[in-house]
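> I have a structure here, written as structure tokens, and I will follow up with some questions on it.
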Amino acid sequence: MKQLLRKISDELKDFEPLVKVFKFYVVLRRFEYIDPLIYSTNKELIKSTIDEALNKEYELYKSSSSQKRIVVQDGSGKEKVIEAPCLVVAKPEEIPKTFSLIYRSTIHKIDSTDEYCISPLNEEGVLIDPQMNIIQKFAEKVDSDIKFAKLLAAFALSSE
């Protein structure tokens, strides 16, 4: 089983930015972008969903983002405060308690408040922004094998 998971993980390694953006949609409970990846057998619907999620909706989130001071952990597990773009600000009651543990690269405590910043960030606090060539390459993968859409959704739903 571990070998199978490692093989699947390797197949999706090039698409990690896509997985992280779709984790963002999971945290927001925007399942209209997740469900078609899991359940659809129509490749055009899947590609349309990916296009809508990344090239339209995500662009809107980015254009309305604000800089916030958020608390992150460095490589040694020590907390530090950094400035980072925040796509969505949420109150604690708006986020299921376990989500902050499961989606650590997406949910970040805003410094000196009880609010959270919801943004898919890399380890340096830079907003994940999938490049068009990665999106196109993923669409080509879906054309050749629809399972890649299901794998993307499965990894987006999984913990980090």
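> In the range 53-77, which residues are part of a helix (DSSP H, G or I) and either on the phi > 0 side of the Ramachandran plot or polar (S, T, N, Q) (or both)?
Within the range 53-77, ASN55, SER63 meet the criteria.
> If you don't mind, another one. Taking PRO130 and the conditions (1) part of a helix (DSSP H, G or I); (2) touching a Leu at 6+ places or on another chain (Cβ under 7 Å), which numbered condition does it fall short on, given that it satisfies the others?
(1)
> When the range 12-45 is examined, which residues are found to be charged (D, E, K, R) and assigned to a helix (DSSP H, G or I)?
Result: LYS13, ASP14, GLU16, LYS20, LYS23, ASP35, LYS43, GLU44.
> It is to be established whether one or more residues within the range 89-99 are exposed (fewer than 14 other Cβ atoms within 10 Å of the Cβ) and in contact with a Pro (Cβ under 7 Å, 6 or more places away or on another chain).
no
> Name the residue that is nearest to ILE82 (Cα to Cα), counting only residues in the range 114-126 that are part of a strand (DSSP E or B) and at pLDDT 95 or above.
Taking the candidates together, the pick is CYS117.
> Could you say which residue among VAL19, VAL27 is at pLDDT below 95 and touching a Phe, Trp or Tyr at 6+ places or on another chain (Cβ under 6 Å)?
That would be VAL19, the only listed residue that is at pLDDT below 95 and touching a Phe, Trp or Tyr at 6+ places or on another chain (Cβ under 6 Å).
> Something else: Does ALA139 count as in a helix (DSSP H, G or I) and either surrounded by 16 or more Cβ atoms within 10 Å (Cβ to Cβ) or touching a residue at least 60 places away in the same chain (Cβ under 8 Å) (or both)?
Yes, satisfied.
> I would also like to ask the following. Please go through the range 95-113 and pick out each residue that is among the charged types (D, E, K, R) and either assigned to a strand (DSSP E or B) or modelled with pLDDT under 95 (or both).
LYS97, ARG104, LYS109, listed by residue number.
> With the requirement that a residue be surrounded by fewer than 20 Cβ atoms within 10 Å (Cβ to Cβ) and either touching a residue at least 40 places away in the same chain (Cβ under 8 Å) or over 15 Å from TYR25 (Cα atoms) (or both), what does the range 52-63 give you?
ASN55, LYS62, SER63
The values are calculated or read from the model by the stated rules, or taken from the named source; none is laboratory data. Since the structure is predicted, the reported quantities are computational estimates derived from the model, not experimental observations. Quick reminder, even Gly has a Cβ in these numbers, built from the backbone with ideal geometry, and neighbours come from all protein chains shown.
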